[in-house]
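Below is one structure; the comments refer to it alone.
The values are calculated or read from the model by the stated rules, or taken from the named source; none is laboratory data. It should be emphasised that the depicted structure is a prediction, and the values quoted were computed from it without experimental measurement. Here Cβ is always computed from backbone atoms with ideal geometry, including for glycine, and neighbour counts include all displayed protein chains.
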2 protein chains.
Amino acid sequence: MKSHGAKRLKLGMSMRGLGYHPAAWRHPAVPADGTLRFDHYLRVAKAAERGKLDMIFFADGLGIRESDMPRGARVRSGYELVELEPMTLLPALAPLTRHIGLVATASTSYNEPFHIARKFASLDIISGGRAGWNVVTSWSTAEAQNFNRDQHYDYETRYDRAKDFVDVVEGLWDSWESDALLYDRKSGHFYDEAKMHVLAHASRHFKVRGPLNVAATPQGRPIIIQAGAAGQGRELAAAHADVIYAGQNTLAEAREFYDDVKARLPGYGRKPDDLKIMPGLRPIVAPTRAEAQAKFDALQDLLDPLVCLSRAYNVLGDLSDFDPDGPVPEPKNAPRMKSFVDRLVQVARERKLSIREFGRYVAGEGGGGHCIIGTAADVADTMQEWFEAGACDGFNITPNQLPGGCEDFVDMVVPELQRRGLFRREYEGTTLRDNLGLKPHVNRYAAARVREGA
Amino acid sequence: MKSHGAKRLKLGMSMRGLGYHPAAWRHPAVPADGTLRFDHYLRVAKAAERGKLDMIFFADGLGIRESDMPRGARVRSGYELVELEPMTLLPALAPLTRHIGLVATASTSYNEPFHIARKFASLDIISGGRAGWNVVTSWSTAEAQNFNRDQHYDYETRYDRAKDFVDVVEGLWDSWESDALLYDRKSGHFYDEAKMHVLAHASRHFKVRGPLNVAATPQGRPIIIQAGAAGQGRELAAAHADVIYAGQNTLAEAREFYDDVKARLPGYGRKPDDLKIMPGLRPIVAPTRAEAQAKFDALQDLLDPLVCLSRAYNVLGDLSDFDPDGPVPEPKNAPRMKSFVDRLVQVARERKLSIREFGRYVAGEGGGGHCIIGTAADVADTMQEWFEAGACDGFNITPNQLPGGCEDFVDMVVPELQRRGLFRREYEGTTLRDNLGLKPHVNRYAAARVREGA
């Protein structure tokens, strides 16, 4: 890849289910049965590609979290309930799209590295170099109970296993050097033995011999993404990730995170540009601010009170011992990441929200991704401000509702970003790696051969 | 589904890699790099659908078996080496095909039932009811070593785990009754709580709570296929399978197998027609017998002697202590299924084959699937004979080379079968289950409610 000219934003579209608002399914412009419909996902993917976005992204969970909900709430929520499995869905989208990156979450706690290496490598080949793996460790009891466990792994074990897991997957992806396959019909040599490598990994969590039964892929290897990144996650990301989906909701926090993570890269022999940081962003956009606000309010008005309460439980754990009209209690054994919980509780304090009101806030603007309600210029202003202040390399859009939230962004905000020179008008390359402006992957064994002067 | 008129053959096309002949990659009409090319698989799938076949099928292995090969053989063989992972490939084929069933192998030894239930259910939805799971237990050391083990599970454990595994998957597929999802925007009820079910499975091998986070699928649940079926496999198949890919190579053996398995069905409350038995068939077909023989000989002439030897090792284990030009020794610790090994060794005795010649025989006509070299009428004669003799419900075609082996069958044999009234001219239904003539799946909880008169 040649230079891309001025530095530009990287953009992803998070397209789990019907969007991130738990009442989305009740909105007349949203297909209520969309989480089980291929055409729903295809429409969103095509819109994102029309907007020249870098990638679509599927968050995922390995079960239905229902145990910590108020009684009756689950049947009123279509959120993260039934949906198509992302690594089955993405290959189906691959031949019907041409440019957009295809990213799925896969858990290191309840998978085997050989399967993950193989599936993402296969997706990378099928899509012509557009696969990305979002590495997560899984934190919920509901998921553990679908995989032979009563409780999920503790924090230390989860990250220790994740580190080993990523090591194995990266090792397997290097099993075959890019020129290992000869296909020499005449001599009868299918491959060059010196360029196929046995990993023979053995660590605390995994013993995996290899080689992988998929060869080098168009991107050299799929892109690695990490979400969240608190504590040990920052080190894991600095060591391995090409992209971080960051969770900071204010400019100050985002800058602190950006500087902290980028400063860790040299410790792993990496340069600041080798890792792209993309905070979540939830734009509700319309031609006027009033229309944007009305759009947001319409969704909030569809919220079921029980579903709001379950959103509060989701952040703070079981609250059935508390008066739902009383103040938000101190977080105790909250199931979610501390920084996420603390930020939300701080808002509850500032705004003096009851538990009910807190649930409504979390379901709405507080749930994930910095929320902006306004015009395309308003959204672009914030994006430009964050980008130019060194708080991010781009954004991961987490729309309230689909397909509308994606189509609005593509039709209104993208042209505004393009006018400002902040975003591409055409894809720069053929692979996700090219478009993200990441350097080519170098196979470890090929690199060693170069170092040894062989 | 209405009656299909006269009873007709069911036909599958096994399309792993470049075909079942280990020299296929050296043939000028075969893309040597096809196992990593989506367009190769797409071409074969479209040909099979043009021929109105019931399904395409991908065998699979979770590693590269190289340890029991003669030195130098592996680099000369492109067979089962690098390839696209089937459950990543099949979803990509789904939106580009309309009728053909999509079947992949997945191992019960190195997977988790929650993942398998979820992925096949998702594929069933994406494909509009065309997914099938071929249940295998995995028997090779190479696979074990990619999944934290030094050796594969012993036979008893493998089948015990397989039985539990299938129980869990079937249970998870019943998590949601077909009318469980209400999507009632007005009342705010997404689903009917009485029709979502927690499995709470706990057995020797698995503890899986559920429910599955995918709802009922177009086929009610995906089709279950079992391959081989010796010993315990026959019971597993009689209890669970919709289809068996059988391995018998003679009419007498096939009839014995057919009668034996069908007789086991009533023990599981099933009828003979609830399970379709499809032996493998490897037709080499051309307008004349001489041309067909020449087609076969051309492939045999491309066989590398070392690759032939490795095919002998594959059947009998390491033979490096024996003279390759001497007779085939008695099988001792042979890695493959006893009936498979015994049949091949019997041929070696009858034809007085040396180890080298035996390898060439296994690589060619002996390797799997009854081999017929001849005209379309010759192939159809055998198929008709087996079918009318009660030896099968159809066949699983295991072509020597792809795409040619599939295209030849579709262009020459299928019209002959259609002329004889033995095969469909149009698909009968929209799902694989419809086309196979299997009865609708009944959700276990819905059935219980009917029984209880609720």
- Note on the structure: Residues in segment B:249-286 that are assigned to a loop (DSSP other than H, G, I, E, B) and out of contact with any Asp or Glu (no Cβ under 8 Å at 6 or more places or on another chain) total 5
- Item | Scan of segment A:307-330 for residues that are touching a Lys or Arg at 6+ places or on another chain (Cβ under 8 Å) and surrounded by fewer than 21 Cβ atoms within 10 Å (Cβ to Cβ), ordered by number | A:G317, A:P324, A:D325, A:P327
- Kindly indicate whether A:Y191 is within 9 Å of chain B (Cβ to nearest Cβ), at negative phi and more than 25 Å from the chain's Cα centre (by Cα). yes
- Message: Conditions first: (1) over 27 Å from the mean Cα position of the chain (by Cα); (2) among the β-branched types (V, I, T); (3) within 23 Å of B:R158 (Cβ to Cβ). B:V341 passes all but one, so which condition is the exception?
- Response: (1)
- Task: Could you identify the single residue in A:A334, A:A292, A:A312 that is of a type in the set (A, V, I, L, M, F, W, C) and at pLDDT 95 or above?
- Result: A:A292
- Return yes when A:W133 is surrounded by fewer than 21 Cβ atoms within 10 Å (Cβ to Cβ), in contact with a helix residue (DSSP H, G or I) (Cβ under 9 Å, 6 or more places away or on another chain), at negative phi and touching a residue at least 60 places away in the same chain (Cβ under 8 Å) and no when it is not. no
- Item | Members of segment B:150-191 found to be among the hydroxyl-bearing types (S, T, Y) and in contact with a helix residue (DSSP H, G or I) (Cβ under 6 Å, 6 or more places away or on another chain), listed by number | B:Y159, B:Y191
- Query: If you take the residues of segment A:107-119 that are surrounded by fewer than 24 Cβ atoms within 10 Å (Cβ to Cβ) and either more than 7 Å from chain B (Cβ to nearest Cβ) or among the hydroxyl-bearing types (S, T, Y) (or both), which of them is nearest to A:V136 (Cα to Cα)?
  - Reply: A:S107
- Task: Determine which member of the set A:E428, A:E416 is over 23 Å from A:F58 (Cβ atoms), assigned by TED's automatic domain parsing to the domain that holds A:W173, in a loop (DSSP other than H, G, I, E, B) and not aliphatic (A, V, I, L, M).
- Result: A:E428
- Query: If we keep just the residues of segment B:194-211 that are within 8 Å of another protein chain (Cβ to nearest Cβ) and part of a loop (DSSP other than H, G, I, E, B), which is farthest from A:D301 (Cα to Cα)?
  - Reply: B:F206
- Across segment B:26-71, what is the total count of residues that are in a helix (DSSP H, G or I), away from chain A (no Cβ under 12 Å) and in contact with a His (Cβ under 8 Å, 6 or more places away or on another chain)? 1
- Item | Identity of the residue in segment B:72-102, in contact with a Pro (Cβ under 7 Å, 6 or more places away or on another chain) and at pLDDT below 95, that ends up farthest from the other protein chains (Cβ to nearest Cβ) | B:Y79
- Item | Test result for B:D179, within 21 Å of B:T431 (Cα to Cα), at pLDDT 95 or above, over 28 Å from the mean Cα position of the chain (by Cα) and surrounded by fewer than 20 Cβ atoms within 10 Å (Cβ to Cβ) | yes
- Message: Checking the structure you have, find out if any residue of segment A:64-79 is closer than 15 Å to B:K119 by Cβ and in contact (Cβ under 8 Å) with a residue 60 or more places away in the chain.
- Response: no
- Test B:E49 against the criterion of being surrounded by fewer than 24 Cβ atoms within 10 Å (Cβ to Cβ), touching a Ser or Thr at 6+ places or on another chain (Cβ under 7 Å), in the same structural domain as B:T431 (by TED's automatic domain parsing) and closer than 27 Å to A:L42 by Cβ, and give yes or no. yes
- With respect to the numbered conditions (1) part of a strand (DSSP E or B); (2) farther than 25 Å from B:Y41 by Cα, which one is the sole condition not fulfilled by A:L182? (2)
- Message: Just to verify a result, which residue in segment A:368-379, among those that are at pLDDT below 95 and crowded, with 21+ Cβ neighbours inside 10 Å, is farthest from the chain's Cα centre (by Cα)?
- Response: A:H370
- Only residues in segment A:329-341 that are at positive phi count as the first member; pair them with residues that are assigned to a loop (DSSP other than H, G, I, E, B), Cβ under 8 angstrom, at least 6 apart or cross-chain, and list the lot. A:N333/A:G317
- Query: Inside segment B:157-173, can you point out the residues that are within 14 Å of chain A (Cβ to nearest Cβ) and crowded, with 24+ Cβ neighbours inside 10 Å?
  - Reply: B:F165, B:V168, B:V169, B:L172, B:W173
- Message: Looking at segment B:277-289, can you tell me whether even one residue there is over 19 Å from B:D393 (Cβ atoms), of a type outside the set (F, W, Y) and crowded, with 24+ Cβ neighbours inside 10 Å?
- Response: yes
- Message: Among the residues that make up segment A:247-269, is at least one of them crowded, with 24+ Cβ neighbours inside 10 Å and away from every other protein chain (no Cβ under 14 Å)?
- Response: no
- Query: Before we move on, is B:L281 in the same structural domain as B:I56 (by TED's automatic domain parsing) and either touching a helix residue (DSSP H, G or I) at 6+ places or on another chain (Cβ under 6 Å) or in contact (Cβ under 8 Å) with a residue 12 or more places away in the chain (or both)?
  - Reply: yes
